[in-house]
1. Report the residues of the range 63-97 in range of a label on Ala115: point 7 Å along Cα→C-beta, backbone N strictly under 14 Å from it.
2. In percent, what relative contact order does the range 23-200 have, based on Cα pairs under 8 Å that are 6 or more apart in sequence?
3. To make sure I understand, if each residue's beta carbon is the centre and we count other beta carbons within 10 Å, what order do Tyr337, Tyr234 fall in, fewest to most?
4. Among Leu113, Leu248, which comes first, then next, by fewest other beta-carbon atoms within 10 Å?
5. Using alpha carbons only, how many angstrom separate the centre of the range 79-107 from the centre of the range 140-214?
6. How big is the C-alpha Rg of the range 224-344 next to the rule-of-thumb value 2.2 N^0.38 Å, as a ratio?
7. Report, in debye and to the nearest 20, how large the dipole of the range 70-152 comes out about its Cα centre when Lys and Arg carry +1 and Asp and Glu carry -1 on their Cβ.
8. Which semi-axes, in whole Å and largest first, does the equivalent ellipsoid of the range 23-200 have when worked out from the alpha carbon gyration tensor as the square roots of 5 times its eigenvalues?
Amino acid sequence: MAIPQSLAPSSSSAAREARPMLRRASPSRVAATGAGATGEPARRLVAAFDPAIPLASAVTPPSGWYTDPEFLRLELDRVFLRGWQAVGHIGQVKNPNDFFTGRLGNVEFVICLDANGKLRAFHNVCRHHASLLACGSGQKTCFQCPYHGWTYGLDGNLLKATRISGIKNFNKNDFGLVPIKVAIWGPFVLARFDDFSEDTVDDVVEDEWLGSASELLSRNGIDTSLHHLCRREYIIQCNWKVFCDNYLDGGYHVPYAHGALASGLQLQSYETLTYERVSVQRCGSAPAEQEDIDRLGTKATYAFVYPNFMINRYGPWMDTNLAVPLDATRCKVVFDYFLDESLLVFILLSVHTYIQHVCSCIVSQQHNMISIGTLLW
Ligand code: FES
């Protein structure tokens, strides 16, 4: 097995020259790879838009906002890699050693719950030659790099660097995984890619992520008692903002795109409440529907959290939509569905009863077949 050139013990001066790959990377260097430099054309696109224009005179942003890769780079740099971002839900890191991975722009990240129950997040990049470290989600007691086997604890410490003996001035403590700030609000896991301090105070997160809308969202039942049912992911051939624009058009498309839904709403009552980083949409339901359909009317909360996270809370249900940019003209939308625990028991019982019914039908069918077989024989 070849020893990586950067690590090969050697007495030759040429080999010594070849080693500086073990330079210690500062967190800011790693984070900067998420966006890269953005060019003048993207900045010109922004400058051409005047946010001070009164709403009645506003026009759609230039098409370059939705198609230009440079513009997306600028958004990653200025929007996504600054401030808190929703990256998952607490059901993904429920037990010690649970982990999940993700990607935002060029930043690969891994979130895990260490053996002591502490939530942690790291750049998912090996400190040797930058291989991707973990894939997907699941349970691990350590992260072993698939390239040359360096092994890290779930606390990010480098536990083992393979065949490293003989390398001078190598200190394992200098090569732990680069941390990312992580926090929880309600059932959501949040990450912050522009802040490298380890500890986070929860009420600071609440204020920084949701501002003055946090109280309203808590009051409307966006909490941890809901059970995560399932996840669906869709790749959509459009810029990530197209999905968000559709969500935020204040019901403009509803009468035409969702005729059946529109018939259950009092669209003239549609209102949008705006906060610093959140907007909440509400609409009264038609009188005949008021008691029946939890998804409609003032009983439902549709909240958009800047820049790309949507929370829909209605009756015993909640679903969330996360629009993740993949490139300028494609995004991945992640739908997570949650249900009130009490209803979950009801559904499980119904499923159990249904399965019992199906099983008894199968058994009786088999019995009939055996009886017929006996008669024939
Ligand atoms: S890239 Fe070499 S051990 Fe990870």
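FYI, it's all coordinate maths here, none of it is from the lab. Fair warning: this is a prediction, and the values are worked out from it, not measured in the lab. Glycine also receives a Cβ, built like all others from the backbone with ideal geometry; neighbour counts cover every protein chain displayed.
1. 96-97
2. Reported as a whole number, the value is 21 percent.
3. In order of increasing Cβ crowding within 10 Å: Tyr234, Tyr337.
4. By the 10 Å Cβ count, ascending: Leu248, Leu113.
5. After rounding, the separation between the Cα centres reads 11 Å.
6. Here the answer is 1.10, to two decimals.
7. Dipole about the Cα centre, nearest 20: 160 debye.
8. One finds semi-axes of 36, 20, 13 Å for the range 23-200.
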